[in-house]
Every structure is written in C-alpha cells, then in structure tokens.
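Participant: Structure provided below as structure tokens; questions to follow.
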Amino acid sequence: MPKPNKVNPRVALRATAYSVRMMFRSNPLAAIFISAVEIIQAPIPSVQAIFTGVILTKLAAGDWNGFLLFIGLLVALSILRTILQHVNGYFSQVLQYDIHNYANEQLYLKVNRISIAARETKENADKLEIAERYALSLGWLFPRLLAIMSQSIAFAVAVAVLASLSWPIALVIVLTMIPNSVLMIQKMRMERKIWKSNSVHRRKGWGIRSQLTDQKQTIELRVNGLYNYFVRQWRKHIVQDRVEEMAAERKFLPWEMASGSLQSLATLGVLAWAGKLIIDGKLEIGYLMTIKSLMDNLMSSAFQVVSSLSQVGSDIMNASDYFAYLDLPEEVDGEVLVAADKPPKIEFRDVTFTYPLGEQPVIKNVSFTINTGEAVALVGENGSGKTTIIKLLFGLYPPDSGEILVNDVPLSKINKVSYYKHLGALFQDYSRYTFTNFTENIWYGDITRKLNKKEILEVVDKAKLTPLVNKLPFGMSQILSKRFDDKNGTDLSGGQWQRVALARSFWRNPNVLILDEPTAAVDAKAEYEIFQEIAKSQHGKTTIIISHRFSTVRKAEKILVIDSGRIIEQGSHRQLMALEKGLYREMFELQAEGYLD
Ligand code: ADP
C-alpha cells in the first residue's frame, strides 16, 4: 500500500512524546544535559563574532590591554564550546543507543503478544520487518528536534545582532537566503520521494543479500552457478534509488549554481556596504569582521535547520511505520485457570479450521476426547492435518466452527499460561539453539526449573544421548554450532538434534507430552529404547504421539486415524484391526509387509 508522503501531526506528536519519554527514562541526566547544552551553546557563535569585531577595533585603536582581554575571552569561549560539543556528542550517542534498544525491545515483546494467526499474514510480517528497520528513527528524533531549536535560537540571535549593527543589511541577507533554503527543501523532498518509491527494489536487494550470506544456500548457489548472478541482481536493486537521485540532482544543478552565486554577490554587496559605513564613520572598523562572521553563522544555522527539518519529517514517517506494528491488536488471554493437580481433559467438538492464508478447511468436523492420563496416537498420511490438530490444541489458531474444550471449558476462556504449564511439545520444526551449549539446549525446556546437572544428565540418558556427550571434547559445555565458536563448537546431525529436542521435552516433564514424529530421524533401535523410556516416565500422564511407525502407534490406548482433515476411525489397535475395510488395518498390513516405512 503506497503511503502518503506527508507528516501526520498526530503521529508527529506521538513520536516526539515517545522519543522524549524514552530519553528521560533511559538516561535522565544525559537528557537534561544535552537539552541544556543545546540552549546554552546557541548564542555562542554570535558572541564570538562580536568579540572578533571588538578585537580588531581595539587593535586599530592601539589598545593593547583591551585587545588581550578580548583575545582571552574569545579563547575561553572557544574552549567552552569545544568541551560542550564533545560531551554533548557523547551523551547524544548514548541516548540514541538506549532509545533504539528500547524501541526494538518493545517491538520484540509485542511480537509475543499478538496471535500466531495475525503474525502469519504477509502484511504483518512486512510491518514487522519495516518496524525493525525504522526503530532507529525514534532514537534520532529528539536530538534532531533539539538541534533545530538550538540552531533556530542561533539564527535569531545572529539576525538580532546584525540588525543592531545595521537593520537594512540584516534584511538583505535574510532575503537572499530564501531561494537557497527553498531549493534545499525541494531537493530533500524529492530525495525522500525517490527513496520511498524504491522500497520494493531495496527490499528485494536486502532479500538477495541475505541469500548470499546464508551458509545453507552456499552449496546450491555455487553448484547452480548462481552466486555471481545474484551479486549483480543485488547491486541492480540496491543502486536503483541512487541512479534516480543522480538524475534528479542534475535537474537541480543550474538552480543551485544560480542561487549560490546570488548569495555570494549579496555577501560581496553587504561587505561593500559595511565598508562604506566604516569610511563614513558610522560603523567601527572591527565590525566588518563581525558582519562577515554573522553572515557565515546565519547560513550555517539556516542550512542545519532546513536539513534537520526534512530529516525529522522522515523520522516521523518512519516512526508511523514503527507504531503500525506496535498498534496491532493483541491476543487477550482467558481467565479460567487450569487446575495444576492433574493432566487436563482435552476435547475437540466438531472442529473445522482453515489457515488464515489457506482457502480450504484442513480440519473438518473433527471430534475426539483425550482423557486425563491417556496415551493417544494420531496416524494419517502427510498433509492429512495431524500437526494442525496439535496447533489447534495449543490454541494457536481459533477454529472456524466447533469448540475445543479443556476440562470442559472453551479454550478461548482458558488462561494460556496455566494451560501451557501442563503442555510440552516436540514439533517437527523444533528449535535448535545453536548459539549455546548442550546443557542450555536442554534446560530451555523449562527455565523455571533450577539447572541441576545430575538431572540434566538423566534426561540426556533417556534420549539416548550419553554416548554422544561422552565423545564431545567439551561434553555438556559443547557449543552446538561451529558458527558461534569454531574451537569449542560442533555441528550435530539431524538425528542428534532431534534427540536433543526430545531431551528438552523430557526436561520439561509435562503432564501432557506431545511428540510429532519425534524419532523420524532416529534409527529403529534407538526409537524402541526411547519409547520404552517415554512409557515409563509418562505413567499416569497424558501422551499424544504422531507417528508413521505402527510399532509405536499400536501401543496407544486410543488411535485417531486422520484422512484429509477428517477423523475416519478411532479406537484401540485391536478395535481398529477388527474393522474389515478400515484404513488403519490396511496401512498396518502394508507396513507389516514392508511396503510402508
Ligand atoms: P500433517 O501433520 O498431517 O502432515 P499438517 O497438519 O502439517 O499435516 O498440514 C495439513 C494441511 O495444512 C496441509 O495441506 C498443509 O499444506 C496445510 N498447512 C499447514 N500449515 C499451514 C499454514 N501455516 N498455512 C496454510 N496451510 C498450512
């Protein structure tokens, strides 16, 4: 959706208030300091210009003591200004980092508060990406506003001093500055328009760049001879706005040359005029320098005000992108707590569900009950909807129709924090925490539980990982990727990773253990042993397993057979095998004969 290239006053106010609040919260001392310094230092250049004039006048009059006094004052002012500028620069940077970090932190906290369904839409994914990029703008906003204020004061003081020497001169100078300022504003507007209109190119460029630097893509890009082609594509997209900018810049060139020349002529005229006033005895000789310095000050202040104003405009527009994500509606958690004493009963009642970006329902009129402490298995072909049922059970998406009940209460009314305390899941796309070591990869299953090395080693053993840990040079302290530490790091195979994730769910020790093909990448012997362990530890607790291996499935008390989003059979192994033309029986026999894995 193209955005208007205009600053919305409400967003401007909100962004400024946000930036100020953050500034004073993150480092109040620095905030007060830089605000005060910006005001104090504004009139200094004009005072310096006056002193310069006085020094020359004293010199011309042969007043040695007066000359020395003002030279001393001038030097003192210069030192003060230098100190203020450096300390100010330092505090500005500190504040910018703080505000930027705060803005990003708010964004990441927000990500966790919006529903998975809302996160999945492309629009919101785009919003997050843009917001992340522009969080920095909020850091710039207030220091820039302060600079505008300070430069405006400097400008006003210089005009006042100049007018006190000769108001017609002051008037001429201010008037001749107008064309240059107008040109600058127009040029910045144009640049911003070009920048905005090329956002698609830039994002494509960024997308290609991430492919170029992604290790996982290296082999395919090399083998297919794509790498250099992609570099050229990245370049083409990324330079697009520069190409357009240069073309527009050429159009401005003659006008800029004309207005620059006009300003030089005006300076010359003003100096001649002042010279005449001096010769006529109406102005002291030193003030020629004062006027020249004041003119320089005026031009530099005007330049800074105009350029900061335009940047503030961009900052505010960027801030509106940031707020667009921060304003997304949040998921409201239910209030009914799930009793902590035993695994909850979970029931699906005639549930139908379509993914937010999907067209057809993938779950159709599904009903089943998982009683406290039951061992349940879900079987069905790939894509039949097993994982989706688990996601719905977690309440990650609301169903189109029907109800999901936890201890007979609709899931929408359930307090998820209390519900999730019961649940532990090993999904197919489980996380790999490659930045940290073996121990932490397991501890992350439940960080509220005290990290006890002995107990961690027990779950490592349950997941049949002890031989691997014994082989690693750093054992449980081994970082699980070479990317983060090529000396202490190691890369694990798919099967090993899966067992680490399994150990993590064991560490969680949940009342309802959900395993989505937990041993798909593990050999048959290890799988058998792992399931023996699961059976032991889940006694009295609920287990939900998705598996293709019937040797595992058959042990469940209740088996749900899913086909194209529907439950077509449910019951125990024996009950399902008794169905003459049942799908379960057919699949079981095919696997027994070795046709299915
Ligand atoms: P299974 O676990 O049985 O292999 P899934 O539950 O993962 O099957 O998928 C069921 C169907 O839902 C598939 O057709 C799949 O393509 C689709 N699907 C899965 N995730 C999404 C999603 N996030 N958005 C849209 N469709 C999805």
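Participant: Okay, which of the stretch 470-493 sit inside 15 Å, backbone N to the point 7 Å along the Cα-Cβ direction of Lys453?
Facilitator: Once the point is set 7 Å along Cα→Cβ of Lys453, 470, 474-478 turn out to lie under 15 Å by backbone N, inside the stretch 470-493.
Participant: Expressed as a fraction of 2.2 N^0.38 Å, the rule-of-thumb size for a compact globular protein of N residues, what is the C-alpha radius of gyration of the stretch 145-206?
Facilitator: Cα Rg divided by the expected 2.2 N^0.38 Å: 1.74.
Participant: Give the longest segment of the chain that steers clear of GluC sites (Glu not before Pro) in DSSP loops with at most 11 neighbouring Cβ atoms within 10 Å, not counting the sites themselves.
Facilitator: Counting only loop sites that pass the neighbour cut-off, the longest clear stretch is 1-334.
Participant: Tell me, Ser92, Ser26, Ser181 in order of fewest to most beta-carbon neighbours within 10 Å?
Facilitator: Numbers: Ser92 22, Ser26 19, Ser181 16.
The order, fewest Cβ neighbours first, is Ser181, Ser26, Ser92.
Participant: Helix-only mean residue ellipticity at 222 nm, the chain, DSSP H runs n ≥ 4 weighted -39,500 (n - 2.57), per residue, nearest 500. What is it?
Facilitator: Calculated at 222 nm, the ellipticity per residue is -21000 deg cm²/dmol.
Participant: Would you count, across the stretch 167-282, every pair of lysines whose alpha carbons are under 25 angstrom apart, provided the pair is eight or more residues apart or spans two chains?
Facilitator: Pairs that pass both the separation and distance tests number 13.
Participant: Among the aspartates and glutamates, which have Cα under 18 Å from the Cα of Lys450 when same-chain residues fewer than 8 positions away are ignored?
Facilitator: Glu440, Glu458
Participant: In terms of modelled amide H atoms, which long-range or inter-chain residues lie less than 5 Å from the amide H of Ala425?
Facilitator: Residues meeting the criterion, in which the H sits 1.01 Å from N, are Ile514.
Participant: Please report, in whole Å, how far the alpha carbons of the stretch 408-504 spread along each principal axis, starting with the longest.
Facilitator: 51, 27, 21
Participant: Still on this structure, I have one more. Using unit Cβ charges (K, R positive; D, E negative) and no other charged atoms, how large, in debye to the nearest 20, is the dipole of the chain about its Cα centre?
Facilitator: Taking the Cα centre of the chain as origin, the dipole is about 940 debye.
Participant: A further question on this structure: Can you list the residues, at least 5 places off or on another chain, whose amide H is less than 5 Å from the amide H of Leu337, using H built in the peptide plane?
Facilitator: Residues meeting the criterion, in which the H sits 1.01 Å from N, are Asn415.
Participant: For Ile32 paired with Glu580, estimate the spin-label separation in nm (one decimal), with each label point 7 Å from Cα along the Cα-to-Cβ line.
Facilitator: Placing both labels 7 Å beyond Cα along the Cβ direction yields 9.0 nm.
Participant: What angle, in degrees between 0 and 90 and rounded to the nearest 10, separates the Cα long axis of helix 44-60 from the longest principal axis of the Cα atoms of the chain?
Facilitator: Around 20 degrees separate the two axes.
Participant: Mind jotting down the distance between the C-alpha centroids of the stretch 134-190 and the stretch 401-451, whole Å?
Facilitator: Cα centroid to Cα centroid, the span is 57 Å.
Participant: Quantify how much of the Cα-Cα distance distribution of the chain extends past 30 Å, in percent.
Facilitator: Cα-Cα pairs in the chain separated by more than 30 Å: 69 percent.
Participant: Related question: How far is the Cα center of the stretch 106-125 from the Cα center of the stretch 556-597, in Å?
Facilitator: If you average the Cα positions of each part, the centres end up 38 Å apart.
Participant: Still on this structure, I have one more. How large is the charge dipole for the stretch 167-282, taken about the Cα centre, if only the Cβ atoms of Lys, Arg (+1) and Asp, Glu (-1) carry charge, to the nearest 20 debye?
Facilitator: Charge dipole of the stretch 167-282: 540 debye, to the nearest 20.
Participant: Tell me which trypsin sites (Lys or Arg not before Pro) from the stretch 58-162 have a DSSP coil assignment and no more than 13 other beta carbons within 10 Å of their own.
Facilitator: Numbers: sites: Lys58, Arg81, Lys110, Arg113, Arg119, Lys122, Lys127, Arg133, Arg144; in loops: Arg113.
Here the trypsin sites (Lys or Arg not before Pro) that fit, given the DSSP loop and packing criteria, are Arg113.
Participant: On a 0 to 90° scale, report how tilted helix 199-213 is relative to the longest principal axis of the chain, with both axes built from alpha carbons and the result rounded to the nearest 10.
Facilitator: Around 60 degrees separate the two axes.
Participant: Enumerate the calculated ³J(HN,Hα) couplings along the stretch 400-416 in order (Karplus 6.51 cos²θ - 1.76 cosθ + 1.60, θ = phi - 60°), each rounded to whole Hz, writing x wherever the residue is Gly or Pro.
Facilitator: Once rounded to whole Hz, the list reads 5, 8, x, 9, 10, 10, 10, 6, 6, 10, x, 4, 5, 9, 7, 6, 5.
Participant: Once you place label points 7 Å from the Cα toward the Cβ at Arg189 and Ser367, how far apart are they in nm?
Facilitator: Spacing of the two 7 Å Cα→Cβ label points: 6.6 nm.
Participant: Give me the distance between the Cα centres of the stretch 213-260 and the stretch 508-555, rounded to whole Å.
Facilitator: Between the Cα centres of the stretch 213-260 and the stretch 508-555 lies a distance of 53 Å.
Participant: I'd like to compare 157-163, 274-280: which one has the highest average count of other Cβ atoms within 10 Å, and what's the full order after that?
Facilitator: 157-163, 274-280
Participant: May I ask for the angle, rounded to the nearest 10°, between helix 227-238 and the longest principal axis of the chain, with both axes built from Cα atoms and the value confined to 0 to 90°?
Facilitator: On a 0 to 90 degree scale, this one is about 50.
Participant: Taking K and R as +1 and D and E as -1, what net charge do the other residues with C-beta under 9 Å from the C-beta of Ala463 add up to?
Facilitator: Counting the neighbours of Ala463, the net charge comes to +2.
Participant: Of Arg499, Arg232, Arg508, Arg189, how do they rank once you tally other Cβ atoms within 10 Å and put the fewest first?
Facilitator: The most exposed by this proxy come first: Arg232, Arg189, Arg508, Arg499.
Participant: Among the lysines, which have Cα under 18 Å from the Cα of Lys416 when same-chain residues fewer than 8 positions away are ignored?
Facilitator: Lys110, Lys342, Lys345, Lys391
Participant: At q = 0.11, 0.24 Å⁻¹, what log₁₀ I(q)/I(0) does a Debye calculation on the Cα points of the stretch 1-111 give, no solvent, two decimals?
Facilitator: Taken in order of the listed q values, log10 I(q)/I(0) reads -0.59, -1.21.
Participant: Moving on. Using each residue's phi in the stretch 332-337, evaluate 6.51 cos²θ - 1.76 cosθ + 1.60 at θ = phi - 60° and report the 3J(HN,Hα) Karplus result to the nearest Hz, with x for Gly and Pro.
Facilitator: 9, 7, x, 10, 6, 7
Participant: Next question, about the same structure. Which ³J(HN,Hα) values, rounded to whole Hz and listed in residue order, are derived for the stretch 316-322 from phi using the Karplus coefficients 6.51, -1.76 and 1.60 in 6.51 cos²θ - 1.76 cosθ + 1.60 with θ = phi - 60°, glycine and proline given as x?
Facilitator: 5, 5, 5, 4, 5, 5, 5
Participant: What ranking do Met577, Met184 get, fewest neighbouring Cβ atoms within 10 angstrom at the top?
Facilitator: Result, fewest neighbours first: Met577, Met184.
Participant: Quick one: which residues, 5+ away or cross-chain, put their amide H under 5 Å from the amide H of Ile546? H built at 1.01 Å from N.
Facilitator: Distant-sequence amide H within range of Ile546: Leu378, Leu515, Asp516, Glu517.
Participant: Give me the count of lysine pairs in the stretch 497-587 whose alpha carbons sit under 23 angstrom apart, restricted to pairs 8 or more positions apart or on different chains.
Facilitator: Taking the stretch 497-587 as the scope, the lysine pair count is 8.
Participant: When only alpha-carbon atoms count, how far does the stretch 167-282 stretch along each of its three principal axes, as whole angstroms with the largest first?
Facilitator: Extents along the principal axes, in whole Å: 84, 23, 20.
Participant: Contour minus end-to-end for Leu13 and Val174, with contour as 0.36 nm per residue of separation and end-to-end as the Cα-Cα distance?
Facilitator: 55.0 nm
Participant: What are the trypsin sites (Lys or Arg not before Pro) within the stretch 316-375 that DSSP puts in a loop, where the Cβ has at most 12 other Cβ atoms within 10 Å?
Facilitator: In loop regions of the stretch 316-375 (DSSP not H, G, I, E or B), there are no sparsely surrounded trypsin sites (Lys or Arg not before Pro).
Read-outs throughout are calculated quantities, based only on the coordinates presented, and are distinct from any laboratory measurement. Since the model is a prediction, treat every value here as computed from it, not as a measurement. Methodologically, a virtual Cβ is constructed for each residue, glycine included, from the backbone with ideal geometry; neighbour enumeration extends over all protein chains shown.
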